[in-house]
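Report on the following structure.
The values are calculated or read from the model by the stated rules, or taken from the named source; none is laboratory data. Remember, it's a predicted structure, so these values are computed and weren't measured experimentally. Virtual Cβ from ideal backbone geometry, glycine too; neighbours counted across all protein chains shown.
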Amino acid sequence: NSVSAPSQNRVDPKEDLVAAAARGDAGRLAELLREGLSVNDRNEAGTTPLIQAVANGHRSLALTLLVLGADPAAKDADGRTMLMHAAAAADHEFLSRYYELYRISWDRDVTARKERLRALAGIDRSLLADADVDLVRLDRNGLELQTDALGETASLKAARVGDWESFRLVANHVDSLRARGKDGRNAVMHLAAQGTLAPFVQLRDARQFGQAGSRRGFVGAWVALDVDQLAVRDGEGKTALQLARENGHTEVADILERHLLKLAGILTDDVERIAASGLTDRELTEEALYQTSVPNEAEVERRKRVTRAVLRQRLETRALAWEALGEIEKAKEDRMRAVAP
């Protein structure tokens, strides 16, 4: 009886596709795409060609995959997006190129948009061939705020390694500063623990708080860092100021301490003013809209309640600032005053 020769193991095309992206083999990738595979196909491990291209530093290939329609929000088995991989690797060049691609995708002129995509520096035109490529309205905010299995956003990953440049390229929303990983740390804590001086110098050199409100988006949010970001504690009960001190980053710690003192001073002015004369009409309108032009007895009582609530909130916030500064007795006094009738 004849014995048939064992059949050769055939490589799964999707495994081949992702592997080609991982090693930066644009030629093999082009062959597989011509055979009908998709740029968004996943291997058995659950990763995509785009994620592997970014994770392995193949910027040109990654940008070209995006132009061809690869999903930037796709996650690997650990919940990481291509943006998280780029931020963790401090790949400033790719991050810059991605946001250039993002801007192009929002061009309303279809013809101009397609021309700009083909002319984008750093893409592999051999992969594009004669494809009629287009890219419409890439996401930015939603992508940046996605979290992985560790509960971390892309900007948190940049902050964790103390990379201010990547953080600045990725973070574009106030929530970038509020985000916290499973270790309880926010971006300010990570940057303070690493002793990354540049962002804190920017905080120190912001001329006045009033100007921060006129700055749009993330930049305005950073120079107006408030007590909520600075007094929050991580899983070990430590604040950004404590982390800077414990790791020997004296200059960062000094800037944070002065900023907290400035915030406490502003809150003190607010507390004294409100306690003495109540809220202004403008503040009352902002806190709870009222319609009565000539206050009657019920309206006067309602305004008093709103004023007491705002005063309580200011006292509780100042208590957090005192705690972050290690002024425990002052914090206790504010909390007692906040709950007093």
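Go through Val54, Val18 for me and flag whichever is of a type in the set (Val, Ile, Thr), in contact with a Pro (Cβ under 6 Å, 6 or more places away or on another chain) and surrounded by 20 or more Cβ atoms within 10 Å (Cβ to Cβ).
Numbers: Val54 fails: in contact with a Pro (Cβ under 6 Å, 6 or more places away or on another chain).
Unique residue meeting the criteria: Val18.
Conditions tested, residue by residue: (1) buried (at least 16 other Cβ atoms within 10 Å of the Cβ); (2) touching a residue at least 60 places away in the same chain (Cβ under 8 Å); (3) not basic (Lys, Arg).
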{"site": "Asn141", "(1), (2), (3)": "no, no, yes"}
{"site": "Glu144", "(1), (2), (3)": "yes, yes, yes"}
{"site": "Gly151", "(1), (2), (3)": "no, no, yes"}
{"site": "Phe167", "(1), (2), (3)": "yes, yes, yes"}
{"site": "Ala171", "(1), (2), (3)": "yes, no, yes"}
{"site": "Ser176", "(1), (2), (3)": "yes, no, yes"}
{"site": "Ala179", "(1), (2), (3)": "yes, no, yes"}
Lone qualifier among Glu272, Glu316, Glu299 - being at pLDDT 90 or above, farther than 21 Å from Leu203 by Cα, more than 33 Å from the chain's Cα centre (by Cα) and part of a helix (DSSP H, G or I): Glu272
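Enumerate the helices (runs of 4 or more DSSP H) found wholly within the stretch 64-139, keeping only those where 3 or more residues are without any contact (Cβ under 8 Å) to a residue 60 or more places away in the chain and out of contact with any Asp or Glu (no Cβ under 9 Å at 6 or more places or on another chain).
On the way: elements: 82-88, 92-105, 110-119, 125-128.
In the stretch 64-139, 92-105, 110-119 are the helices (runs of 4 or more DSSP H) which contain 3 or more residues that are without any contact (Cβ under 8 Å) to a residue 60 or more places away in the chain and out of contact with any Asp or Glu (no Cβ under 9 Å at 6 or more places or on another chain).
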Which members of the stretch 11-25 meet the condition of being more than 30 Å from the chain's Cα centre (by Cα) and either part of a loop (DSSP other than H, G, I, E, B) or modelled with pLDDT under 95 (or both)? Val11, Asp12, Asp25
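If only one of Leu241, Leu230 is at pLDDT 95 or above, closer than 24 Å to Thr268 by Cα and among the hydrophobic types (A, V, I, L, M, F, W, C), which one is it? Steps first, please.
Values: Leu230 fails: at pLDDT 95 or above.
Leu241 is the lone residue from the list that is at pLDDT 95 or above, closer than 24 Å to Thr268 by Cα and among the hydrophobic types (A, V, I, L, M, F, W, C).
Name every residue in the stretch 70-100 that is of a type in the set (Gly, Ala, Ser) and either touching a helix residue (DSSP H, G or I) at 6+ places or on another chain (Cβ under 9 Å) or within 19 Å of Arg28 (Cβ to Cβ) (or both), in order of residue number.
Within the stretch 70-100, the first condition is being of a type in the set (Gly, Ala, Ser), and the residues that meet it are 70, 73-74, 77, 79, 86-90, 96.
Once the filter is applied, which keeps residues that are of a type in the set (Gly, Ala, Ser) and either touching a helix residue (DSSP H, G or I) at 6+ places or on another chain (Cβ under 9 Å) or within 19 Å of Arg28 (Cβ to Cβ) (or both), the stretch 70-100 yields Ala70, Ala73, Ala74, Ala86, Ala87, Ala88, Ala89, Ala90, Ser96.
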Give the residue that is surrounded by the fewest Cβ atoms within 10 Å (Cβ to Cβ), with candidates limited to residues of the stretch 300-323 that are of a type in the set (Lys, Arg) and over 13 Å from Asp270 (Cα atoms). Arg305
